Structures are given as C-alpha cells and as structure tokens.
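**Q** Pasting a structure here, questions to come.
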Amino acid sequence: MPELLKAPLVVEFPFTRSLGPVQSAFLTGLRERTVLGVKTTDGRVLVPPVEYDPVTADEIRDLVEVGATGTVTTWAWNPAPRRGQPLDTPFAWVLVRLDGADTALLHALDAPSADAVRTGLRVRVRWAAERTGAITDIACFEPYEGPREGLYEGPDSGEARDHSGDFANAVTGIVAPARLDYTYSPGRAQSAYINALAERKTVGERCPSCRKVYVPPRGACPTCGVATDEQVEVGPRGTVTTYCIVNIKAKNLDIEVPYVYGHIALDGADLALHGRIGGIPYDQVRMGLRVEPVWTEGGRYPDHYRPTGEPDADYDAYKELL
Ligand SMILES: [Zn+2]
C-alpha cells in the first residue's frame, strides 16, 4: 500500500460587508470608546445590537449607550490560543452583560488562570490602543472591582441612556477575514490520483456496480454505495461540458480577467472536473469544445486546458455529464 498523502491546507478569503445604520453606529461607537445597544419595543436593551426585534421582527433603530463595565454570565477557558484570536496567552471566552444591557456580548477575558474566572465576575472593557471601528477595538475584558463606568446617570443607576448614533466619519463597511487552517489527508483513492498526476497521468476509479468512472476518485460510488478500486486512466483529452467567464480578479491569483473556468469531461471519465480554459479568446469558448491539458514545469496538475483543434463533440456525447 503506497504511503497516504497529507499536507497543510489553508482556505482563506476576505469577506467584505456593508453595515447598515445599527451596526455602523455600534462599530463607530467602539472606535470612540462608546458601547451602543438598541432598545426593543418592550424596552429591553440588546448588546451587541441587532436591526430587527428578535420577538416581534419589527425594525429597531433606538440606540442607547451602555456601560463599559459588566458582569460575566458564562465562560469557557481557552488554554491554547490560536492565530488571530484576541490574546496570545491563555484566556477565557466570556459572555459579558454590560451594565445597562439585557443581553450578553461574546468576547475575551484576560485572566491569569481559569481559577480567576467565575460567573458573576465583574469586568471592564480594555480598549485597543488603535481603534478602527471593529469589534477588536475592544482588545478584551479584564477583571474589575471599581464602580460602573460609561453610564452618565449616576454610578448606580445602571440605566442605558439614549444616543443619536451620530458620529463623524462613520464606519460603513468592514472586511472580515475568514480562514480555515488544517491538515488534509486525501485518503487512499485521492492519494493514488495525486501520485499519478505527478507522472502527468489522470487516473480515476470505476464503480464495480454501475461501471461509472469517477475522476477525481473518492474511493466509493455515491450512487451505489460500494467501494471503487479498479483504477482507470482517462484523458488526457476531454470535452468542455459547461463553463463560466470570470470577470472578478481574485487576490493572490496571477491571472488576468476575463478568463474562462470550465467543467471538462476527460475522455473515459463519467464525471467532469474543473479547470481553466486558455489558448482561445474567452468569448469563443463553447460547450463541446475539445481540449487538452497544458502542464507547466514542476506543476502538480495541469495549469490549464487548451483547444485541441478537433471538431466539437456532439451534445449527445456529453449531455449526461452536465
Ligand atoms: Zn456505482
């Protein structure tokens, strides 16, 4: 049995979102060291704020300012912080009900050990030195034994006070990076597929029951539910079954737009794989186009597919592969 492959895999993309009036006021407020919530129709104060009443579904816009101090309502200890988490030393994830609020906010608590954390612990916002209008403007919470902070009706009132939500240079959008960082093992079938690719061969597996050839193989036929182990070399030529024209340039991808990404049914395969179509103007790519792989030096899979010059395939030849 050949050695199974494994490799680190990172899936990462920035997610850009606009904020709307409530989230815009909330995040701009953090930049100004002010925590805002919203008041529901029955008078409850929600922090973090939402745009719609969770009970009545009414649109809610009445902003209020709450305290920068609060009470831990529940918590979990994080002994091994990961990249991108709020603190790089062990800390507690906490739900904090800020003074004046009726709901709790999820954040990090800087505490020396789990023994120092308990439900009911009084805490205070530790503001980030540089604030940009993001939840990370609260660097974390810290244990605190002093009077309430950030409420102006007197230290013991605990009442949220109305706030216009008006700030100069309001933050209207954020970029939230999403990242999955893990070790991937492709398993027996795909390890064999990848090892064959290293020799510029595309090898799928045939289902013993329905005779379909899967490329790339997953080790089992999803239709019949049986293991596949008969290896079948397919391609290298194939047929474009469907495609799209990409007009948005992806970060870290050195391909000029527009370009074409297609589904390609390699000859002998019963499943289309996807790849970039090159060597032809983007507006001349079509269903049925016959293509072949183009390898680059050191490449572990085809860089792209280009036209072979053969006549287009008949629709009937690939209609079951769409
Ligand atoms: Zn099958």
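**Q** So Val240 clears everything in (1) out of contact with any Gly (no Cβ under 7 Å at 6 or more places or on another chain); (2) not assigned by TED's automatic domain parsing to the domain that holds Arg33; (3) not charged (D, E, K, R) except one condition, right? Which one?
**A** Failed condition: (1).
**Q** Would you confirm whether or not the stretch 115-123 contains a residue that is within 29 Å of the chain's Cα centre (by Cα) and surrounded by fewer than 18 Cβ atoms within 10 Å (Cβ to Cβ)?
**A** no
**Q** For residues in the stretch 289-299 being surrounded by fewer than 16 Cβ atoms within 10 Å (Cβ to Cβ) and in contact with an Asp or Glu (Cβ under 7 Å, 6 or more places away or on another chain), which is farthest from Glu205 (Cα to Cα)?
**A** Thr296
**Q** Taking the stretch 300-319 as the region of interest, how many residues are surrounded by fewer than 14 Cβ atoms within 10 Å (Cβ to Cβ), without any contact (Cβ under 8 Å) to a residue 40 or more places away in the chain and within 33 Å of the chain's Cα centre (by Cα)?
**A** 0
**Q** Something else now. Taking Ser164 and the conditions (1) modelled with pLDDT of 95 or more; (2) loosely packed, with under 11 Cβ neighbours inside 10 Å; (3) among the hydroxyl-bearing types (Ser, Thr, Tyr), which numbered condition does it fall short on, given that it satisfies the others?
**A** (1)
**Q** Out of all the residues in the stretch 179-212, which are under 16 Å from His274 (Cα atoms) and hydrophobic (A, V, I, L, M, F, W, C)?
**A** Correct list: Ile194, Leu197, Val203.
**Q** Being open to solvent by less than 50 Å² (accessible area, probe 1.4 Å), modelled with pLDDT of 95 or more and out of contact with any Phe, Trp or Tyr (no Cβ under 9 Å at 6 or more places or on another chain) is the filter here, so list the residues in the stretch 84-100 that pass it.
**A** Leu87, Leu98
The values are calculated or read from the model by the stated rules, or taken from the named source; none is laboratory data. For clarity, every value in this text was computed on a predicted model and none was experimentally measured. Cβ sites come from the backbone with ideal geometry, for glycine too, and all protein chains shown count toward neighbours. Keep in mind that these areas ignore ligands, DNA and RNA; they rest on the heavy atoms of the full protein, side chains included. Shrake-Rupley method; radii C 1.70, N 1.55, O 1.52, S 1.80 Å.
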